[in-house]
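Trainee: Take this structure, written in structure tokens, and hold onto it; I'll ask about it next.
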Amino acid sequence: HKDSIYEVAITTSHIITASRDQTLRVWLRSTHRLVCAPLKGHTASVLCVVAHEPANLILSGGSDRCLIAWDLLTYNRKVIVVDAHADSILCLAISDRIVGTGSKDKTIKIWDTGKLSSPSGRRDITPIATLEGHTGAVNAIVMTHDTIISVSGDRAIRVWDLATFQCTRVIGGYHERGIATLTLLPDRVSIACGSKDGTVRIFSFRTGVEEACLREHSGLVRAICNISDRAPLGPIPFTIASGGYDGSVVIW
């Protein structure tokens with residue numbers, strides 16, 4: 001890339017990177033080599049990317065407010081949704097059925113995966129639903145089979161029912177500053193969140209109970225991920241890694 005890389009998506013065979021240089025690049029994991037020319041279509045920074053192998057789909061969102069679908073096999077652009085949001089698209093989540101996009105415009109939009117997988121090139125796709133409630137930018141979202149969980153600069157965690165698209169729980173009052181990142185933990189009922197207040201906090205999103213507050217970073221926790229095996233051994237139920245603006249990566 002010719003500028004900063006904002007996000008990386010990994011499949012069983014590919015690594016896809018999204019960059020401030022307005023492109024995505026696709027690498028083969030087995031050779032660490034590019035498999036195609038840069039994917040061009042965005043007119044501003046590409047801020048987020050996800051890949052979904054069952055649908056052979058790459059999705060990207062950016063500062064240009066566009067949501068673009070790419071073919072994971074041919075690397076061609078399939079669909080572009082212009083002005084998918086009123087402001088930058090900051091995060092994405094995908095399942096077989098739906099796609100979620102979170103934005104600086106404080107909303108989450110839900111899209112039909114099948115329509116975004118269509119090779120039609122159409123631009124008139126509309127969201128299934130728009131989820132409103134956050135009062136700050138939606139910085140990260142994760143999805144289970146029946147729920148979307150979102151975190152925001154407003155310091156709140158919101159839990160949404162995918163059957164009704166209604167907010168069923170707001171978890172707040174814990175973080176002192178905005179929440180920047182989120183990951184789903186292996187038990188599928190717990191989440192880990194990283195905040196501008198330097199903490200990593202673990203919650204049950206089913207009950208809203210805080211299970212742990214981890215303090216090690218001295219600044220914004222910008223990235224967090226689960227690095228556990230699918231079937232953890234021993235007494236430790238999971239292991240996570242967090243990266244912050246203090247230049248450190250912490251393993252918990």
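Trainee: Filter segment 16-72 down to the residues that are within 21 Å of D124 (Cα to Cα) and among the charged types (D, E, K, R) and list them by number.
Mentor: The answer is K40, D64, R65, D71.
Trainee: Could you check segment 91-112 and list, in sequence order, the residues that are at pLDDT 95 or above, at negative phi and not in a strand (DSSP E or B)?
Mentor: Across segment 91-112, the qualifying residues are K104, D105, T107.
Trainee: Quick test of your reading of the structure: L34 fulfils all but one of (1) in contact with a Leu (Cβ under 9 Å, 6 or more places away or on another chain); (2) touching a residue at least 12 places away in the same chain (Cβ under 8 Å); (3) more than 25 Å from D112 (Cα to Cα). Name the failing condition by number.
Mentor: (2)
Trainee: Being of a type in the set (V, I, T), crowded, with 16+ Cβ neighbours inside 10 Å and farther than 13 Å from I149 by Cα: is that true of V209 here?
Mentor: No, not satisfied.
Trainee: Looking only at segment 5-31, how many residues end up being over 16 Å from L59 (Cα atoms), surrounded by 13 or more Cβ atoms within 10 Å (Cβ to Cβ) and touching a residue at least 40 places away in the same chain (Cβ under 8 Å)?
Mentor: Counting residues in segment 5-31 that are over 16 Å from L59 (Cα atoms), surrounded by 13 or more Cβ atoms within 10 Å (Cβ to Cβ) and touching a residue at least 40 places away in the same chain (Cβ under 8 Å) gives 0.
Trainee: Ok, one more. Kindly list the number of the only condition in (1) surrounded by fewer than 19 Cβ atoms within 10 Å (Cβ to Cβ); (2) of a type in the set (V, I, T); (3) over 18 Å from the mean Cα position of the chain (by Cα) that fails for V142.
Mentor: Looking at each condition in turn, V142 falls short on (3).
Trainee: Taking segment 46-73 on its own, how many of its residues are under 17 Å from the mean Cα position of the chain (by Cα) and surrounded by fewer than 19 Cβ atoms within 10 Å (Cβ to Cβ)?
Mentor: The qualifying residues number 1.
Trainee: Taking the criterion of being farther than 19 Å from H52 by Cα, touching a strand residue (DSSP E or B) at 6+ places or on another chain (Cβ under 8 Å) and in a strand (DSSP E or B), would at least one residue in segment 75-90 satisfy it?
Mentor: no
Trainee: If you go through segment 167-182 one residue at a time, do you hit one that is of a type in the set (F, W, Y) and closer than 26 Å to Y6 by Cβ? If you could, list the steps in order and put the result at the bottom.
Mentor: The first filter runs over segment 167-182 and keeps only residues of a type in the set (F, W, Y), leaving 174.
From what is left, the residues that are closer than 26 Å to Y6 by Cβ are none.
No.
Trainee: Which residue pairs have Cβ atoms closer than 8 Å, lie 6 or more positions apart in sequence or on different chains, and pair a first residue in segment 84-95 that is under 12 Å from L182 (Cβ atoms) with a second residue that is at pLDDT 95 or above and part of a loop (DSSP other than H, G, I, E, B)?
Mentor: Short answer, once both residue conditions are applied: L90/K104; L90/A137.
Trainee: Looking for something part of a strand (DSSP E or B) and under 27 Å from P186 (Cα atoms) - is there at least one such residue anywhere in segment 113-121?
Mentor: No; the residues of segment 113-121 include none that is part of a strand (DSSP E or B) and under 27 Å from P186 (Cα atoms).
Trainee: Right, another one. Going by the conditions given, is V170 modelled with pLDDT of 95 or more, assigned to a strand (DSSP E or B), under 23 Å from R222 (Cβ atoms) and among the β-branched types (V, I, T)?
Mentor: No.
Trainee: Report every pair of residues separated by at least 6 positions or lying on different chains whose Cβ atoms are under 7 Å apart, first residue within segment 212-223 and free of Cβ contacts under 8 Å to residues at least 40 places away in the same chain, second of a type in the set (D, E) and part of a loop (DSSP other than H, G, I, E, B).
Mentor: As it stands, the answer is H217/D246; S218/D246; G219/D246, since those pairs meet every condition given.
Trainee: With C225, C193 as the choices, which residue is surrounded by fewer than 17 Cβ atoms within 10 Å (Cβ to Cβ) and either assigned to a strand (DSSP E or B) or more than 16 Å from the chain's Cα centre (by Cα) (or both)?
Mentor: C225
Trainee: Going through segment 177-196 one residue at a time, which ones are of a type outside the set (S, T, Y) and under 20 Å from G153 (Cα atoms)?
Mentor: Selection gives R177, G178, I179, A180, L182, L184, I191, A192, C193, G194, K196.
The values are calculated or read from the model by the stated rules, or taken from the named source; none is laboratory data. Keep in mind the model is a prediction, meaning the values are calculated, not measured. Here Cβ is always computed from backbone atoms with ideal geometry, including for glycine, and neighbour counts include all displayed protein chains.
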